[in-house]
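Just below is one structure, and these are the notes that go with it.
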Amino acid sequence: MMSISNPSWADAEELPQNEVIENNDGTKTIISYKYTNGKKIKHTQKIKLVKVTESVDPAVATRRKWKRYGAEKNNKTVGPDARTTQFGEEVKLILSNSWAREAKQEEEEKKKESKATSKAITCRTCGGEHFTTKCPFKDTLGAEKKPESATAGAPAAGSVPSTPTLGSGASSYVPPHLRNRGPGAPPLQDRRERDDSTTLKVMNLNTAATEDQLRQVFSRFGNPQRVTIVRNRETRESRGLAFIEMDSIRTAQAAKDTLDGKGFLSMIMSVDWSKPKKN
Amino acid sequence: MMRPIMMKGHERPLTQVKYNKEGDLLLTVSKDKEASIWYSSNGERLGTLEGHAGTIWSIDVDKDTHYFVTASADFTVKLWLAETGECLHTWYFDSPVKRVEFNHICDKVVIVTDQAMGQKASVRVLNVNQKDAKAQDDQAVLTITNEEDSKNKYSVAGWSYGDLYLIVGHANGKVSKFDAKTGELLQTVDVHEGLITDIQFSEDRSYFVTSSKDKTAKLLDVDNLHIFKKYGADAPMNSACITPVKEFVILGGGQDARDVTTTSSSEGKFEARFYHKIFEDEIGRVKGHFGPLNYVAIHPNGTSYASGGEDGYIRLHHFHKSYFDFLYDVEKTAQSQVNNLQKEIEA
């Protein structure tokens, strides 16, 4: 049996004949039927034929019939050839005796707009669009924070005397990513110091694999805490390498034992600890 | 708003664009070795003229569009059959030919040869045999040589009304009028402070507009070479034309190609500028080219204009109704007064 979505010539016979109705006002109504995506569609057109007579200079008319020559001799395109002739973008020509003034105004407006859209500065106190020092909430928001940090900063410095509190001295330089850290914030972890004992390294991944797919695969053994696929910085294309942090060493071990050397998305994964075990 | 037709038929900067008498054909020449012939209504290319060995500086067409004539840097002027693009005759010279123009009855052309290769610049008039195009007289019927230094060399030339005078523009900004029959120098005036890049005439050829590297264009009459109007711009101007139907002047130019890198393209001033011919105000601009405009030409019926740029593109703009509707307030009041008077007379 034929499916409806794929009509054959045999089905086409079922379509009614096209109708042409001559209306009294000189127009014609054409009713036609056709199949589109398996649906029968009735198409009604109202057409008015208008005869336009255009008088052309006979010389121009003859020139219109000239055969092409030179580089265009063998060009069989009817009408303009897209290789040489294209339509450009629309251009404005508004004639006005105050043209210069209006153009200047327009330019200034554009400048203003571009300024409004580009958010170059953000206030650290309130997140507004101004310098922190010019913040209108400086006295209310900023004032509350300062004494807090001053009082809370002291015991922290006392307990860890080897690491001076960042930004405590007015003149000392604070790297941008460490600025504005509350005193209660945990001490910054160095990447090298991070506990990687439960992290697995998965190599030879299919580049089409996504974090969600990996999470699904590894959740059979436990609860993956963190799934990261290493990607190209520019193209965001997967480099076939992923790191999966499991919730415990036991589940990580189970996942490693089961999945290492197994196929996933038609690639054979190699699963290992992200760092060689110390013992 | 206008939707320009962009024609890319040349590899190198355009040097001249021109309509024929009816305006149905557009002729373009460039620094590559071919001339292109286009239908101006839709931008379709009819053909190319192949045969020159260097930059084609100038092109012209006779009033019946039977012949094209081109002037080239390969020291030649060529005559072509318009219908087939066949080269009928070649005139040879000793230096590059910068300009060529048919006279009104199309039995002569005026050419300008450059001051180069140890040759002095000259303006020459050649006879064009319309009946037997292959039998042309190789000798110029008139030669006007620049006897002064190279600063005074000729850059452009054209015929006045009735083919009576030759109007010649100099590299030092002077404009001269010569008797077209005898070659006698009738008048010279200081018009510009820089090279005169273009001279285009009004419909009746009784006045003309000059454009110059000194960032101005000026309107002069043929009889007295009196400067009537001055159109100031902010960049060197390469071309100017007088529009029929409307009282406008279109200027094209822009910063020189070699200086373009010193500014951003938005400030390169690569726009066609519309000035009111009488009031001298700039009334509009049309953007589009990426480089200076080397030539602007207006359709003989004033319905479209074409510009050829240093960027190798020809842009063909058909004017919309708003272009034809534009009037100054004074013009509007004057017109309504005339209408009222007419009504009164009829009553």
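Observations on the structure shown:
- In order along the range A:124-132, the phi-based Karplus estimate (6.51 cos²θ - 1.76 cosθ + 1.60, θ = phi - 60°) of 3J(HN,Hα) comes to 7, 7, 10, x, x, 9, 7, 5, 4 Hz; Gly and Pro are listed as x.
- Neighbourhood net charge (9 Å Cβ-Cβ; Lys/Arg +1, Asp/Glu -1) for B:Met1: +1
- Remark: spin-label model distance B:Ala347-A:Leu15 equals 6.6 nm, labels positioned 7 Å along the Cα→Cβ axis.
- A full extension of the chain between B:Asn127 and B:Val330 corresponds to an added length of 68.3 nm, given 0.36 nm per residue minus the alpha carbon distance.
- Near A:Arg124, the amide H atoms lying under 5 Å from its own belong to A:Thr132; only residues 5 or more places off or on other chains count, and H is placed 1.01 Å from N.
- Remark: the range B:2-346 carries 40 Å² of accessible area per residue (probe radius 1.4 Å; ligands, DNA and RNA excluded).
- A simple packing score, the average count of other Cβ atoms within 10 Å per residue, orders the peptides B:166-173, B:295-302 as B:166-173, B:295-302, with the highest score first.
- Taking 7 Å steps out from each Cα toward its Cβ at A:Lys42 and A:Gln225 produces label points 6.9 nm apart.
- A Förster radius of 35 Å combined with the Cβ-Cβ distance from B:Asn301 to A:Tyr33 puts the calculated FRET efficiency at roughly 0.15.
- Whole-percent pair-distance distribution, where bins are 10 Å wide, for the alpha carbons of the range A:199-273: 22, 58, 18, 2
- Counting charges near B:Leu27 (Lys, Arg +1; Asp, Glu -1) among other residues having Cβ under 10 Å from its Cβ returns a value of 0.
- Length available on full extension from B:Arg12 to B:Ser150: 0.36 nm per residue minus the Cα-Cα distance, which gives 47.0 nm.
- Between 0 and 90 degrees, the angle of helix B:329-346 with respect to the longest Cα principal axis of chain B falls at about 70 degrees.
- The interface between chain B and chain A buries about 3500 Å² of solvent-accessible area in total (1.4 Å probe, ligands and nucleic acids excluded).
- With each label modelled as a point 7 angstrom along the Cα→C-beta vector, the A:Leu178-B:Ile278 pair spans 7.7 nm.
- Accessible surface of the protein assembly as shown, 1.4 Å probe, proportion on carbon and sulfur as whole %: 51
- Taking θ as phi - 60° and the Karplus parameters 6.51, -1.76 and 1.60, the scalar couplings of the range B:9-14 work out to x, 10, 8, 10, x, 6 Hz in sequence order, x denoting glycine and proline.
- Alpha carbon Rg of the range B:118-201, scaled by the compact-globule rule 2.2 N^0.38 Å: 1.16
- Restriction of the trypsin sites (Lys or Arg not before Pro) in the range B:64-151 to DSSP coil positions whose beta-carbon has at most 16 other beta-carbons within 10 angstrom yields B:Lys131, B:Lys134.
- Rg(Cα) / (2.2 N^0.38 Å) computed for the range B:152-292, rounded to two decimals: 1.05
- Summary of packing: across the peptides B:314-327, A:207-220, B:232-245, the per-residue average of other C-beta atoms within 10 Å ranks them, highest first, as B:232-245, B:314-327, A:207-220.
- Estimated FRET transfer efficiency when R0 is 45 angstrom, pair B:Arg3-A:Lys112 (beta carbons, to 0.05): 0.95
- Using the Cβ of A:Glu90 as centre and a radius below 14 Å, the other residues enclosed give a net charge of +3, where K and R count +1 and D and E count -1.
- Estimated FRET transfer efficiency (A:Thr62, B:Gln136; beta-carbon r; R0 30 Å; 0.05): 0.75
- Distant alpha-carbon pairs in the range B:2-346 (separation over 30 angstrom), percent: 33
- Distribution of pairwise C-alpha distances over the protein assembly as shown, 10 Å bins, in %: 3, 11, 16, 14, 11, 10, 11, 11, 8, 4, 1, 0
- Summing Cβ point charges (Lys, Arg +1; Asp, Glu -1) relative to the Cα centre of the range B:2-346 gives a dipole of roughly 500 debye.
- Applying the Karplus relation 6.51 cos²θ - 1.76 cosθ + 1.60 with θ = phi - 60° to the range B:28-45 yields 3J(HN,Hα) values of 9, 10, 9, 7, 7, 9, 10, 9, 10, 10, 10, 7, 6, 6, 10, x, 7, 8 Hz, where x marks Gly and Pro.
- Those aspartates and glutamates that a straight Cα-Cα span of less than 16 Å connects to A:Lys92, excepting residues fewer than 8 apart in one chain: A:Glu102, A:Glu106, A:Glu107, B:Glu271, B:Glu282, B:Asp325
The values are calculated or read from the model by the stated rules, or taken from the named source; none is laboratory data. Since the structure is predicted, the reported quantities are computational estimates derived from the model, not experimental observations. Cβ: placed from backbone, ideal geometry, glycine included. Neighbour counts: every protein chain shown. Please note that ligands, DNA and RNA were not included when accessible areas were found on the heavy atoms of the full protein model with its side chains. Shrake-Rupley method; radii C 1.70, N 1.55, O 1.52, S 1.80 Å.
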